[in-house]
Every structure is written in C-alpha cells, then in structure tokens.
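Encoded as structure tokens, the structure appears first; notes follow it.
The values are calculated or read from the model by the stated rules, or taken from the named source; none is laboratory data. Nothing here was measured: the structure is a model prediction, and the numbers come from that model. Cβ placement follows ideal geometry from the backbone for every residue including glycine, while neighbour counts extend to all protein chains displayed.
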Amino acid sequence: MRSIIAVVLAATVSVATPAAQSGSGQIDLLGTAWLVEDIDGHGVIDRARSTMEFAKAGQIGGLAACNRYFGPVTLDGNMIAFGMLASTRKMCPESVMEQEQRFMEALSKVNRLELIHAGQVLLMYADGTEAILRFSKIVEK
C-alpha cells in the first residue's frame, strides 16, 4: 500500500492578464498561468500536465505532472530565480513520475526567460542558448 502525504496548498486562480515586458525590461508574469509543452527538447506526455502559475507576487505554484509544487520566485528583467520549492508526495505511473522529475530538474537549472509570439509562449533557459522549458499561455475561457 502506498502512503500519500498531502501538503495543503491554497487554491490559486488563473487570471488571463497579458504577460508583458515593461519599458524597464521587466517581464510581468503576475496573474498568468502556463502549460509546459516541452522539457529539454523531449516533449511531454499529453495527459500529464505540468503547469506554472504566477498568482501572487514573488510566488509560483503549479502541477509538476503528478504532484503540486509551490515556492518563491524572483524576477529581475529577464532573469529568474526559484527559491526552495516544496511539493506534495503522491505516487503516479512511472512515466508521469519521470516527466515530473525532468520538469523539476529543468526548473533547478533555469536562470532566464523570454516571452515570444505576442506573449503567448514563455521560454526558460539555463546557461545555454537553447530553451530547456517551453510553455504556452493558459487562457481562461
């Protein structure tokens, strides 16, 4: 029997405000939510959603594929840094857990971001020139 440890996370609401880059070069992601489309060039499982929500200033949260995660984030221009991220601890099928691990490992390497396609696509980079995470904007209907 698998044990499940749940961490309570306050519900966040995805607001469809446009992510924008201000005149100072600061990318404003507050109130936006994103769906992962690619992790380090290896795609994602269609029904195993990985997301990122910027619901409160200085905080992120989302679904890593199986478990919810949350924690602090710092944005400075196009630079991004994640603090210690916490997550729930439930078990899912092996392929979903592998995607979750790839996503969390990629997040630990990310240091800059870029918005493209009129703010509908968010790219996150590590030290190289290739994006290691590609997100599409989640728009409320």
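Annotations for the structure displayed:
- Filter result for Asn78 (surrounded by 14 or more Cβ atoms within 10 Å (Cβ to Cβ) and modelled with pLDDT under 95): yes
- Contacts under 6 angstrom Cβ, first residue in region 47-75 being under 18 Å from Asn111 (Cα atoms), partner hydroxyl-bearing (Ser, Thr, Tyr) and assigned to a strand (DSSP E or B), 6 or more apart: Phe54/Thr32
- Residues being surrounded by fewer than 14 Cβ atoms within 10 Å (Cβ to Cβ), touching a residue at least 24 places away in the same chain (Cβ under 8 Å) and farther than 17 Å from Ala33 by Cα - total across region 112-131: 1
- Taking the criterion of being under 21 Å from Met91 (Cα atoms) and either buried (at least 19 other Cβ atoms within 10 Å of the Cβ) or touching a strand residue (DSSP E or B) at 6+ places or on another chain (Cβ under 6 Å) (or both), the residues of region 36-47 that qualify are Val36, Ile39, Val44.
- In region 48-58, the qualifying residues are those that are assigned to a strand (DSSP E or B) and buried (at least 17 other Cβ atoms within 10 Å of the Cβ), and the one that is modelled with the lowest pLDDT is Ala55.
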